[in-house]
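These notes are about the structure you will find just below.
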Amino acid sequence: MLSFLIAEIPRLFTIYNVILLLKAALTTLSLSAVGCVVGLFCGFLLSLARLSQRPIFWPLKALALLYVEILRRVPFLITLMIFFFGAQVLGFNASALVIAFISTSVISTAFVAEIVRAGLRAVKPSQMEAAAVMNFSAWHTFWHVRLPQAWPLILPPVFSYFVLFIKDTALASQAGVLELTQAGKILNTKGFSASLVYATVLILYFIISYPLARFGSYLERRLGASRHSRPRRAV
C-alpha cells in the first residue's frame, strides 16, 4: 500500500493538479480573510449597538440582539443554503463564490460581535466612572479608557475563532465553491488515492491556519503580559 502511494505521487502532483490545489487554497484563504475582516468590523459595530444605553438606540439594540442570537445557533451550512437558494428565488444572478463570501461574513459577524461585547463588558465600571469624573466625553471614555483595556480580552478568542472559521469554510464546497475540500473531492473522483489526496488537503489547511494560530498565541502572551504587568517601585 505504501509503495503504491509513493508511486502515485508524481501522477498526482502534475502542473494541472497543483494549479487546481493552489486555486482552491487561495479561495479558502480569501473566504477566511474576507469573513474575518468583515466579521471584525461589523461585529464591532453590533457589539456597540448592544451595549448602548440610550433609548434612541433601543430598536437597533433589539435588532442586533436578534441577529446575534439567531445566527450563532444556526449551522453554517444551513445559512449557506438559505442564501444560495434564496438568491435563486429572488432572482439575484450571483455566483456560488459571492454567496459564500456573504454567508461567511454574516456568520463571522455574529460570533465576533459576541466576543467583542463580552470583552467590552469585562472592563470594570469604576474605570468609566473615573473617566466621567475627569469630564471625559462618551467617545473619549470609550476610545481612551474602555477599548485599550478590552483589547487584551478580545483579540485572543477572536483569533481562536478565526482558526476554527478557516475549517468551517470547507462547507462552501456543498454549494459548488472550488475550495480545498472540493478540490480534494475532484482529485479523488479522478481515481487518485483518497489517503494521498486528503493528506495533501490537510497539509494545505495546516499551512493556512498555523501562522494565524501562532500570531494569536503571540498576541495573547504579549497582551496578557502587558495587562498583568505592574510598574516598578522607585528605589
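Bear in mind these aren't lab numbers, they're just calculated from the coordinates by the rules spelled out. Please read all numbers here as calculations on a predicted model, not as lab measurements. No Cβ is skipped: glycine too gets one built from the backbone with ideal geometry, and neighbour counts run over all protein chains shown.
Kindly express, to the nearest 10 degrees and within the range 0 to 90, the angle between helix 58-71's C-alpha long axis and the longest C-alpha principal axis of the chain.
So the inclination is approximately 30 degrees.
How big, on average over all directions, is the shadow cast by the Cα convex hull of the chain, in nm²?
On the way: hull surface 77.6 nm².
Taking a quarter of the hull surface, the average projection is 19.4 nm².
Order these peptides, 140-148, 52-60, 100-108, by their mean beta-carbon neighbour count within 10 angstrom, highest first.
Numbers: 140-148: 15.6, 52-60: 11.1, 100-108: 23.0.
Final packing ranking: 100-108, 140-148, 52-60.
With Cβ to Cβ distances under 13 Å as the rule, what net charge do the other residues near LEU120 carry (K, R +1; D, E -1)?
Surrounding charge for LEU120 is +4.
Which whole-number percentage describes the relative contact order of segment 16-226, with Cα contacts under 8 Å and a sequence gap of 6 or more?
Here the relative contact order equals 30 percent.
Take peptides 156-164, 120-128 and line them up by average Cβ neighbours within 10 Å, highest first, as a rough protection proxy.
Most protected by this proxy first, the peptides run 156-164, 120-128.
At 222 nm, what helix-only mean residue ellipticity would the chain give, in deg cm²/dmol to the nearest 500, using -39500 (n - 2.57) for each DSSP H run of four or more?
One gets -26500 deg cm²/dmol as the mean residue ellipticity at 222 nm.
No solvent, one uniform scatterer per C-alpha: report log10 I(q)/I(0) for segment 28-96 via the Debye equation at q = 0.15, 0.22, 0.24, 0.27 1/Å, two decimals.
-0.68, -1.06, -1.10, -1.14
Taking 0.36 nm per intervening residue step and subtracting the Cα-Cα distance, what contour gain separates GLU8 from LEU77 on full extension?
The GLU8-LEU77 span can extend by a further 21.5 nm.
Could you work out how much longer the chain between ALA122 and ASN188 gets when fully extended? Use 0.36 nm per residue separation minus the Cα distance between them, nm to one decimal.
Details: separation 66, 0.36 × 66 = 23.76 nm, distance 4.85 nm.
Additional length available on full extension: 18.9 nm.
How charged is the neighbourhood of LEU45? Take every other residue with its Cβ under 15 Å from the Cβ of LEU45, and add Lys/Arg as +1 and Asp/Glu as -1.
Counting the neighbours of LEU45, the net charge comes to +2.
How compact is segment 103-192 by the rule of thumb for globular proteins, expressed as Cα Rg over 2.2 N^0.38 Å?
Numbers: Rg = 20.7 Å, N = 90, 2.2 N^0.38 = 12.2 Å.
It is 1.70.
Cβ neighbours within 10 Å, averaged per peptide: list 175-185, 5-15 in order, most packed at the top.
By packing density, highest mean first, the sequence is 175-185, 5-15.
With label points built 7 Å along Cα→Cβ from the Cα atoms of VAL89 and LYS167, find their separation and express it in nm.
Label at VAL89, label at LYS167, 3.2 nm between them.
Averaging sequence separations of C-alpha pairs under 8 Å and six or more residues apart, then dividing by the length of segment 98-186, give the relative contact order as a whole percent.
Values: 40 pairs, mean separation 28.5, N = 89.
Computed value for segment 98-186: 32 percent relative contact order.
For the Cα atoms of the chain, what angle does the longest principal axis make with the long axis of helix 194-228, in degrees from 0 to 90, nearest 10?
In the chain, helix 194-228 runs at an angle near 10 degrees to the longest axis.
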